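Q: Next up is a structure, given as structure tokens.
Each reported figure results from applying straightforward, stated rules to the coordinates on display, with no laboratory input. All figures in this text were calculated on a predicted structure; none of them were measured in a lab. Cβ atoms come from the backbone with ideal geometry, glycine included; neighbour counts cover every protein chain shown.
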Number of protein chains: 2
Amino acid sequence: MSSTYKKDAHKKMNISDIAKALELSTTTISRAISGKGRIGEATRERVWAYIRENDYRPNIIAKSLAQSKTFNIGVVLPADQNLTETPFFQKCLLGITEMAASNDYDVVVTTTTETDITLLQRIVENHKVDGVVLTRTLVNDFPAKYLEEKNIPFVAIGTTDDEKVIQIDNNHRSGCKELTTLLLNSGMQSIGLLCGDQNHVVNQERYQGYIEAFRDKELSIKEELIFSNVTNKAFVEKAVESLMEDHVECILCMDDLICSRAIYKLMEDHVSIPNQVKVASFYNSAFLESHNPQITALDFDVKEVGAVAAKNLMELISGKEVQKKTLLDYSIILKASTK
Amino acid sequence: MSSTYKKDAHKKMNISDIAKALELSTTTISRAISGKGRIGEATRERVWAYIRENDYRPNIIAKSLAQSKTFNIGVVLPADQNLTETPFFQKCLLGITEMAASNDYDVVVTTTTETDITLLQRIVENHKVDGVVLTRTLVNDFPAKYLEEKNIPFVAIGTTDDEKVIQIDNNHRSGCKELTTLLLNSGMQSIGLLCGDQNHVVNQERYQGYIEAFRDKELSIKEELIFSNVTNKAFVEKAVESLMEDHVECILCMDDLICSRAIYKLMEDHVSIPNQVKVASFYNSAFLESHNPQITALDFDVKEVGAVAAKNLMELISGKEVQKKTLLDYSIILKASTK
DNA sequence: TTGAAAGCGCTAACAT
DNA sequence: ATGTTAGCGCTTTCAA
């Protein structure tokens, strides 16, 4: 069984069909549609009536060509395997898409890895987008550098040293600091930290939050309790073992995948949460929700960060002033795992 | 701190700039680029040399207008909250994006819910895409019906009754049947089933696979062991309790979120896997990987299914014949949870 | 093998 | 308030 697609025979209506039908000029139709320029209320209504009646849709491509604008924003997703496992980017994309649509923009997605930006170059150099949203920031940020160099409007979801970049981020640093402080205030002294990929700025921020919490209380930081780049199951297991040997009171995990792995490891070793060790995560997702006891975590409105990023980008594109850095809030969800 | 974007002053090169520089006509340049139509090898090479040297990029928008093609494919993602938690769609999207790019297409994403297809209508009626990939099928498939009615080329990832729809799917039914059969062969008799949303065809397929396994062995199906629409934590917990009261030997979960919830519930109740009850999932993801014992599951190459869908759609768009139904393979990963 | 010219559908100066 | 006209950058028929 197979199938072929046959094009519709009947041609689409265009602006000059309307002009003819209504005995007006195409300019007038254009003005009636866009609302720009002077036009009589009567003719305006007449045009709209015709449009509604005949279900006319303007050809965006032609508009694009005339205005040298695509009305598309590009969204760059990471192609790395282990990031497709996290819901962050998908939620972000949802927020971006909705905000874009409500401003009459559409979303073209593409992917990059930390070193390969050819697919980003594709959409940019083919003039497919008016601007770009980067959904994460890197310590050595190739995509950002490329867009800067090409002078393409873009915003980044995340934080970066590069002051020229417009950034939208949840306040990870502050959230992690507050959560850590809360734990320290409850009398704990020794808190282990399992960090994610250190080339991702977000993980650096989370790390700084942890450090600052200790600094503010003038507590010494024990390097042996901090594990960086705990990016796979084996690393998590080794780190957890080591932390338990050091008799930490609490294990902080930078994201929910690390946390989920840590919890399983603890269960396997018959370590009871929170009796023998407490656990908290810097990122909350459905995969932690089912655990008993429930896990204390930071919660971010990821869809919102996407929406704000899209909004900022579209304003940037339209020449408006845009805030250099937007920090969104977080909430701390205290649950039984740290009681 | 704020920032404004300033447009680059220097105008982009176009086809007639090249024509002038090389003292040729725009037609010739166009032919040299596209490779269509007769053209002398010498001039052809001369044009390409110039293009390479000056890093010229054709304006796709103009090409689109001239050819009435966008070179975009639309991808429809579900906007439902609990689906953003699963990695399926993101992986799919990755496959689609890569395949599209390698055929000089780009990907415009949009979202729908089970009842609201306005954002899909947007990209279709604004002529933003040449065709559409639906990333799931529904029992009552509004998006598919809409696209059919509008006569837009589209393919669906998933299975559907509608014979006119071009479908690409992993062989869920067969996979689930094989896994269930395997369990039955190992001597189990009573196997519980926790089903996902029954409006998603994929869950119907999985259900059928389970049923067929029993039928083939002429075993009776106990309705009380099958729970449908187990779409939240509370439902999973109730179902698991009920199954344990019925002393099932194994619990089959339709996806990894259900499975993860079921496992936590079992742990909470101090039920040992696989000693007291065995567990298997119809979908494998990183969130199950950490569990000890590891969980038996079906594994699908999701990126591949996306890639094939994109390929089929692009062939459909270009008027080629396309297979009505493509079924991709699966693998069964047997782990300790069913030993 | 190459070129002239019309056209894709819309916008925007510049008239009137 | 409305119309004329010249593009936007590329493709494509038709002619040379």
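Q: Karplus couplings for region B:86-94 from phi (6.51 cos²θ - 1.76 cosθ + 1.60, θ = phi - 60°), rounded to Hz, Gly and Pro as x?
A: Running phi through 6.51 cos²θ - 1.76 cosθ + 1.60 with θ = phi - 60° gives 9, x, 3, 5, 5, 5, 3, 4, 4 Hz.
Q: What does the copy distance list look like for A:Gln189, label position 7 Å along Cα→Cβ, in nm and ordered from shortest?
A: 5.9
Q: Using a/c under 1.5 as the rounded threshold, could you call chain B rounded, prolate or oblate? The axes a ≥ b ≥ c are square roots of the C-alpha gyration tensor eigenvalues, and prolate needs a/b larger than b/c, oblate otherwise.
A: Prolate.
Q: For region A:3-67, build the charge dipole from Cβ charges (+1 Lys, Arg; -1 Asp, Glu) around the Cα centre, then report which of A:Ala49, A:Leu65, A:Ser30 sits farthest towards its positive end.
A: A:Leu65
Q: On to the next question. Set the Förster distance to 22 Å, then compute FRET efficiency between B:Phe235 and B:Gln81 from the Cβ-Cβ distance, nearest 0.05.
A: 0.90
Q: At R0 = 51 Å, how high is the FRET efficiency between A:Asp269 and A:Glu125 if r is their beta carbon distance? Nearest 0.05 is fine.
A: So, using R0 = 51 Å, E works out to roughly 0.45.
Q: Here is the link list: A:Lys69/B:Lys36; A:Lys63/A:Lys320; A:Lys63/A:Lys303; A:Lys339/B:Lys278. Which ones come out longer than 23 Å on Cα distance?
A: In this structure, A:Lys69/B:Lys36; A:Lys63/A:Lys303; A:Lys339/B:Lys278 lie more than 23 Å apart at Cα.
Q: Take the Cα pairs of region A:3-67, get the Kirkwood Rh, then feed it into Stokes-Einstein at 4 °C and 1.567 mPa s and tell me D in µm²/s.
A: It diffuses with D of about 100 µm²/s by this estimate.
Q: For chain A, take the longest principal axis of its alpha carbons; what is the angle in degrees between that and the long axis of helix A:256-268, to the nearest 10 within 0 to 90?
A: 30 degrees
Q: How big is the protein assembly as shown in terms of Cα radius of gyration and Dmax, in angstroms?
A: Radius of gyration, then largest Cα-Cα span, for the protein assembly as shown: 27.9, 86 Å.
Q: Continuing with the same structure: Once phi is turned into ³J(HN,Hα) by the Karplus curve 6.51 cos²θ - 1.76 cosθ + 1.60 with θ = phi - 60°, what whole-Hz value does each residue of region A:187-196 show in order, with x for glycine and proline?
A: So the J values, rounded to whole Hz, are x, 6, 10, 10, 10, x, 9, 9, 9, x.
Q: Straight-line reach from A:Lys238: which lysines have a Cα under 16 Å away, not including same-chain ones fewer than 8 places off?
A: Reachable lysines: A:Lys265.
Q: Might you list the cysteines of chain B that have no disulfide-compatible partner by the rule of another cysteine's Cβ under 4.7 Å?
A: By the Cβ distance rule, which asks for a partner under 4.7 Å, the isolated cysteines are B:Cys92, B:Cys176, B:Cys195, B:Cys250.
Q: Using a label point 7 Å beyond Cα on the Cα-Cβ vector, give me the inter-copy distances for A:His247 in nanometres, one decimal, shortest first.
A: 4.7
Q: Here's something else I'd like to know. Counting only other chains, what is the mean number of Cβ atoms within 10 angstrom of the Cβ of each residue in peptide A:134-143?
A: Counting other chains' Cβ atoms within 10 Å and averaging over A:134-143 gives 0.
Q: Can you sort A:His247, A:His172, A:His127 by how many other beta carbons sit within 10 Å, fewest first?
A: Result, fewest neighbours first: A:His247, A:His127, A:His172.
Q: Defining the label point at 7 Å along Cα→Cβ, can you sort the distances from A:Asp299 to the same site in each other copy, shortest first, in nm?
A: 3.5
Q: State, as an integer percentage, the relative contact order of region B:3-67 based on alpha-carbon contacts under 8 Å between residues 6 or more apart.
A: So the answer I get is 29 percent.
Q: Now for a different question. Between 0 and 90 degrees, rounded to the nearest ten: what's the tilt of helix A:302-317 against the longest Cα principal axis of chain A?
A: So the inclination is approximately 40 degrees.
Q: Can you list the aspartates and glutamates whose alpha carbon sits under 12 Å from that of A:Lys164, skipping same-chain ones fewer than 8 residues off?
A: A:Glu148, A:Glu149
Q: Tell me, A:Arg206, A:Arg136, A:Arg52 in order of fewest to most beta-carbon neighbours within 10 Å?
A: Neighbour counts put them in this order, fewest first: A:Arg52, A:Arg136, A:Arg206.
Q: Ok, one more. Extending each Cα 7 Å along its Cβ direction at A:Asp299 and B:Asp246, get the distance between those two points in nm, one decimal.
A: Roughly 3.4 nm, to one decimal.
Q: How shielded is A:89-96 by partner chains, expressed as the average number of their Cβ atoms within 10 Å of its Cβ atoms?
A: 4
Q: For A:Leu94, B:Leu83, what ranking results if the residue with the fewest other Cβ atoms within 10 Å of its Cβ goes first?
A: Listed from fewest to most nearby Cβ atoms, that is B:Leu83, A:Leu94.
Q: Please name whichever of A:Ala213, A:Ala239, B:Thr338 sits farthest to the positive end of the charge dipole of the protein assembly as shown, dipole taken about the Cα centre and charges placed at Cβ: Lys and Arg +1, Asp and Glu -1.
A: It is A:Ala213, whose Cα lies furthest towards the positive end.
Q: For a Förster distance of 35 Å, can you work out the FRET efficiency between the beta-carbons of B:Ile333 and B:Glu163, rounded to the nearest 0.05?
A: 0.60
Q: Within straight cross-link reach of A:Lys217, meaning Cα distance under 20 Å, which lysines are found once same-chain residues fewer than 8 apart are removed?
A: Counting by Cα, and skipping residues close in sequence, A:Lys217 has these lysines nearby: A:Lys177.
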